[in-house]
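The structure appears below as structure tokens.
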Amino acid sequence: MSTQPYLRLVARASDVVSGGPVDFEVLFERYSGYVASLAARLLGSGDSDLDDVVQDVFWLAARRIGKIPDLIQARGWLATVTTRVVRRRLLRRRFRALFHAGPRPIDVPASGATAEEHAVLARLYQVLEELPTDIRLAWSLRYLEGESLEAVAAACGCSLSTAKRRIGAAKNEIDKVFRDA
Amino acid sequence: MPERKWESLGKKVEPAWGPERDRLVRVGIARRAQRRRVAMYAGASVVALAVVAEGTYAFVSVRGTHARADVASVSTPVAPLSAPVATVIVTHLSPETILEPMPDHGGRGFVLRSGGARFIVSHDAEHPFVVVAGDVMIEDLGTTFTAQYPSADRLDVSVEEGHVTVHARGADTEIAAGTVRQFAVSSPALAIDKPSRAPTAPATSSWRPLAENGRYEEAHTALKNAGPNAVRDETADLLLAADAARLSGYPAEAVPYLERVVRAHSGDPRSSLASFTLGRVLLDELGRPREAADAFARARSAGGPLAEDALAREVEAASRAGDTARSRDLAREYQMLYPRGRRAKAVSRFGGLD
């Protein structure tokens with residue numbers, strides 16, 4: 001006999017039934033924190049970039065609010081847009097790095113992490129900084145954000161097999177560094 | 001390293017995101033919407049001028065009667081450009097603005113308690129957008145409008161596009177685009193008193209409009225040049241000066257302004273916002289967690305919508321200050337007050353309750 005409670009998580013009825021146009025204020029109130037957290041994990045450092053990313057994402061949402069069918073699907077839509085906005089920012093950051101003498105300091109916004117976890121995160125983002133941006137984003141979405149492979153493919157705008165290949169490539173590089181961890 | 005370990009590490013990457021940053025993002029979006037509208041109107045004007053010029057040329061060269069009809073028909077594509085860019089966009093017009101969302105209105109209802117705000121609203125017959133200011137209620141009919149208290153007992157309603165209906169003293173008044181009407185507010189929800197004494201004339205006031213328009217770096221420079229008398233001892237002015245300092249990269253200079261609001265204007269409803277902002281500056285930007293914890297404690301003691309965030313940040317500040325007993329007690333208090341709180345995970349972590 002199963003010991004699992006006979007319960008499952010379902011969306012709030014209002015979310016499912018609403019079906020109509022999504023209200024921008026409700027969308028912002030519900031998801032601004034999510035977009036900020038996702039962007040923080042994808043960017044790794046640069047807390048000052050977060051406000052710009054969140055603003056860019058919701059500016060697009062405001063203009064395309066009619067294309068978001070409901071609040072549940074809004075999360076996936078926002079994840080895709082956030083990934084694209086962060087991708088542009090990472091590419092720009094990489095381009096700017098060409099003109100700097102030393103590497104940028106890694107300052108991961110993880111105030112709740114222990115000193116050891118801080119050190120691991122800093123090293124991880126150092127490795128990620130050296131990876132191609134698309135590969136970095138796919139791995140970060142899969143392992144730092146905990147998204148499914150299908151969701152990673154959707155957010156990165158690539159096929160499932162490409163997403164798997166990118167994640168695998170990143171994993172190989174990261175495993176080389178953290179083999180003994 | 002196992003994959004699950006990465007995910008749990010990833011969950012620890014959490015930015016310090018709160019209502020203040022939400023507000024700044026909203027302001028930025030509203031500004032972009034405004035710029036876009038201006039650009040579209042400018043583009044439309046250029047197109048209209050070109051069409052008129054072409055029509056005039058056709059009229060002169062052909063001398064026929066059809067040229068006028070051509071002008072009219074080509075001009076019509078300009079109309080869709082005035083369509084709203086979002087369902088609801090709200091811009092606070094001054095730091096003293098207090099605008100609270102109405103429960104059960106799904107983001108389409110606000111109570112204006114002080115200051116003023118501009119609303120860009122697309123009409124939805126099933127979910128009318130309303131703004132309540134004292135005993136005056138403004139209902140939109142698809143529009144861009146501004147509601148502002150020029151004094152504690154008056155409310156200005158200015159309509160830029162579309163029209164609104166204002167319910168005041170049992171009568172309905174419809175206001176069309178390009179019109180400004182003033183209404184008496186007999187029971188304002190919260191009257192922000194003007195200073196009783198005449199304000200001292202500042203050495204120069206050029207920093208103020210710069211800061212109000214979000215040009216904080218220029219405002220900070222102007223403020224420095226203007227000297228110590230440039231900031232009036234009023235809550236709005238002090239908060240604006242603090243914004244100019246911290247948002248232009250000088251957080252330490254924002255501290256005296258915020259402390260002044262907290263100490264000398266503690267009766268002002270905005271003093272809790274000042275305390276909260278002070279806590280954020282001390283904790284996130286100046287690395288002074290012990291003082292930050294006290295500032296967050298003051299912010300939450302005032303209650304209101306900031307109380308939950310202030311308590312959560314107080315737990316974090318106490319933890320960072322090494323005061324584990326205080327952070328644990330506060331974390332337990334948070335769990336009791338907000339069992340499904342938005343910051344429950346972070347609070348448990350900082351309070352050592354994991």
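The values are calculated or read from the model by the stated rules, or taken from the named source; none is laboratory data. Here the structure is a predicted model, which means the values were calculated and not measured. In this analysis, Cβ positions are derived from the backbone assuming ideal geometry, glycine residues included, and neighbour counts consider all displayed protein chains.
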Being part of a loop (DSSP other than H, G, I, E, B), surrounded by 12 or more Cβ atoms within 10 Å (Cβ to Cβ) and under 14 Å from the mean Cα position of the chain (by Cα) is the filter here; which residues of the stretch A:148-181 pass it?
A:G157
Can you find even one residue in the stretch B:3-21 that is small (G, A, S), more than 7 Å from chain A (Cβ to nearest Cβ) and more than 24 Å from the chain's Cα centre (by Cα)?
yes
Scan the stretch B:347-354 and give yes if some residue there is in a loop (DSSP other than H, G, I, E, B), surrounded by 21 or more Cβ atoms within 10 Å (Cβ to Cβ) and within 11 Å of chain A (Cβ to nearest Cβ), otherwise no.
yes
So B:V131 clears everything in (1) farther than 24 Å from B:L239 by Cβ; (2) at pLDDT 80 or above; (3) within 14 Å of another protein chain (Cβ to nearest Cβ); (4) out of contact with any His (no Cβ under 8 Å at 6 or more places or on another chain) except one condition, right? Which one?
(1)
Among the residues of the stretch A:30-43, write down those that are closer than 17 Å to B:V90 by Cα and within 7 Å of another protein chain (Cβ to nearest Cβ).
A:S32
Just to be sure I understand, how many residues within the stretch B:255-277 are over 16 Å from B:R23 (Cβ atoms) and among the aliphatic types (A, V, I, L, M)?
4
Check whether at least one residue in the stretch B:4-12 is hydroxyl-bearing (S, T, Y) and modelled with pLDDT under 80, and report yes or no.
no
Any residue in the stretch B:266-280 that is among the hydrophobic types (A, V, I, L, M, F, W, C), without any contact (Cβ under 8 Å) to a residue 60 or more places away in the chain and surrounded by fewer than 21 Cβ atoms within 10 Å (Cβ to Cβ)?
no
Enumeration of residues in the stretch B:318-346 that are of a type in the set (G, A, S) and either over 13 Å from A:G112 (Cβ atoms) or in a loop (DSSP other than H, G, I, E, B) (or both)
B:A318, B:A321, B:G322, B:A325, B:G341
What's the number of the only condition in (1) at pLDDT below 80; (2) under 18 Å from B:A30 (Cβ atoms) that B:F145 fails to meet?
(1)
Can you name the residue in the stretch A:94-108 that is surrounded by 12 or more Cβ atoms within 10 Å (Cβ to Cβ), away from chain B (no Cβ under 14 Å) and in contact with a Ser or Thr (Cβ under 8 Å, 6 or more places away or on another chain) and is also modelled with the lowest pLDDT among such residues?
A:R104
Restricting attention to the stretch B:288-306, does a residue exist that is crowded, with 24+ Cβ neighbours inside 10 Å, away from chain A (no Cβ under 13 Å), within 16 Å of A:S111 (Cα to Cα) and in contact with a helix residue (DSSP H, G or I) (Cβ under 7 Å, 6 or more places away or on another chain)?
yes
Of B:A302, B:A293, the only residue that is within 22 Å of B:H265 (Cα to Cα) and touching a Ser or Thr at 6+ places or on another chain (Cβ under 6 Å) is B:A302
In the stretch A:25-59, how many are among the charged types (D, E, K, R) and closer than 16 Å to A:A74 by Cα?
4
Does the stretch B:307-329 hold any residues that are of a type in the set (D, E, K, R) and surrounded by fewer than 24 Cβ atoms within 10 Å (Cβ to Cβ), and which are they?
B:E308, B:D309, B:R320, B:D323, B:R326, B:R328, B:D329
Looking only at the stretch A:131-142, filter to residues that are part of a helix (DSSP H, G or I) and in contact (Cβ under 8 Å) with a residue 40 or more places away in the chain; which one of those is nearest to the other protein chains (Cβ to nearest Cβ)?
A:S140
For residues that are touching a strand residue (DSSP E or B) at 6+ places or on another chain (Cβ under 8 Å) and more than 21 Å from B:A236 (Cβ to Cβ), scanning just the stretch B:104-118, find the one that is modelled with the lowest pLDDT.
B:H105
Can you pull out every residue in the stretch B:203-251 that is of a type in the set (A, V, I, L, M) and under 20 Å from the mean Cα position of the chain (by Cα)?
B:L210, B:A211, B:A219, B:A236, B:L238, B:L239, B:L240, B:A241, B:A242, B:A244, B:A245, B:L247
For A:A113, state whether it is more than 14 Å from every other protein chain (Cβ to nearest Cβ) and of a type in the set (G, A, S).
no
Pick out the one residue from B:A325, B:A331, B:A312 that is out of contact with any Asp or Glu (no Cβ under 7 Å at 6 or more places or on another chain), modelled with pLDDT of 85 or more, within 13 Å of chain A (Cβ to nearest Cβ) and farther than 21 Å from A:Y34 by Cα.
B:A331
